[in-house]
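No lab work stands behind these numbers, since they all come straight from the coordinates. Computed from a prediction, not measured in an experiment: that's the story for all the values here. Because the Cβ atoms are built from the backbone with ideal geometry, glycine has one as well, and the counts that use them run over all protein chains shown.
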Amino acid sequence: MSNTSTFIYVENQRHELPTDEISAEEIRRLGNIPPDNKIFRETAGDEPDPEAPSTGLFKVHHGEKFYAVPPGVFGAVQIDEECTDLIARYGGQIQLTSDGQRYLLLQEFPLGAAWNPPIAPLAVRITGYPEAQLDGFYVPGTVRLASGAQPTNASLSAVFGPDLWWAFSYHPQGWRPGKHTLRSFLGFVQQRFVEGR
């Protein structure tokens, strides 16, 4: 064991450690975290935050942040409830593709005045969600900017059958399982459309 002292954050609370090693059990104790919650290490960048090792000691870095996610956040119930609410709001359905991917297809999503048409179908690939980060969205290839220009940072690809859709590669910064949802992802998507580019 190292004899270097360090500090970490557990559920936004700072804790001084006598060494640079800790166990998941100790993190649970520091944060008063129930045993059925998953513990994640917050990381920079677009990749989903990794789950902390569940057994043994592991090294930590100065100022590293850990947070817990209740078990109810993971699973089909949350996804189904979110999809049902969004479909009720925008119309649409869950669409399965021949390669086994699962999409939420919303029929009338508001793109805004910068787009033609201002309301159009929108698809989000939800395979692996909520454990996996949502990382892109699609609109029909007929959608253009109000100026007639094509959208930037988007490519035409066949999502559903032979029709080409604009595939927007879009990775919200700081995605955290249990904190961000389909609804908050659609908030990011709407911000992207407001930019009108």
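Neighbours of GLN95 by Cβ distance under 14 Å: Lys/Arg scored +1, Asp/Glu scored -1, total 0. Residues whose amide H lies under 5 Å from that of LEU111, counting only those 5 or more places away or on a different chain, are ILE119, ALA120; hydrogens are built 1.01 Å from N in the peptide plane. Taken about its Cα centre, the chain carries a charge dipole of about 500 debye when Lys and Arg each add +1 at the Cβ and Asp and Glu each add -1 at the Cβ. Under 5 Å from the amide H of LYS65 lie the amide H atoms of TYR9, GLU42, each residue being 5 or more positions distant or on a separate chain, with H modelled from the backbone and absent for Pro and chain starts.
Sorting the Cα pairs of segment 80-197 by distance into bins of 5 Å, from 0 upward, gives 2, 11, 22, 26, 21, 13, 4, 0 percent per bin. 3J(HN,Hα) couplings calculated from phi for segment 136-147 with the Karplus curve 6.51 cos²θ - 1.76 cosθ + 1.60 (θ = phi - 60°) are, in sequence order, x, 8, 9, 9, x, x, 7, 6, 9, 5, 4, 6 Hz; Gly and Pro show x.
With θ taken as phi - 60° and the Karplus curve 6.51 cos²θ - 1.76 cosθ + 1.60 applied, the whole-hertz 3J(HN,Hα) list for segment 111-118 is 8, x, 5, 6, 10, 10, x, x Hz, x standing for glycine and proline.
Sequence-ordered 3J(HN,Hα) estimates for segment 119-133 from the Karplus curve with 6.51, -1.76 and 1.60 and θ = phi - 60° stand at 10, 8, x, 9, 10, 10, 6, 10, 4, x, 6, x, 4, 9, 6 Hz, glycine and proline given as x. Cα-based values for the chain, radius of gyration first and Dmax second, are 20.5, 64 Å.
Binning all Cα-Cα separations of segment 6-69 at 5 Å, short to long from zero, yields these whole-percent fractions: 4, 19, 33, 28, 13, 3, 0.
Amide H to amide H distances under 5 Å link LYS38 with VAL69, where only residues 5 or more positions off or on other chains count and H is placed in the peptide plane. Its DSSP H runs of at least 4 residues, each contributing -39,500 (n - 2.57), put the calculated 222 nm mean residue ellipticity of the chain at -5500 deg cm²/dmol, to the nearest 500. The relative contact order of segment 6-69 comes to 47 percent, based on Cα pairs under 8 Å that sit 6 or more residues apart.
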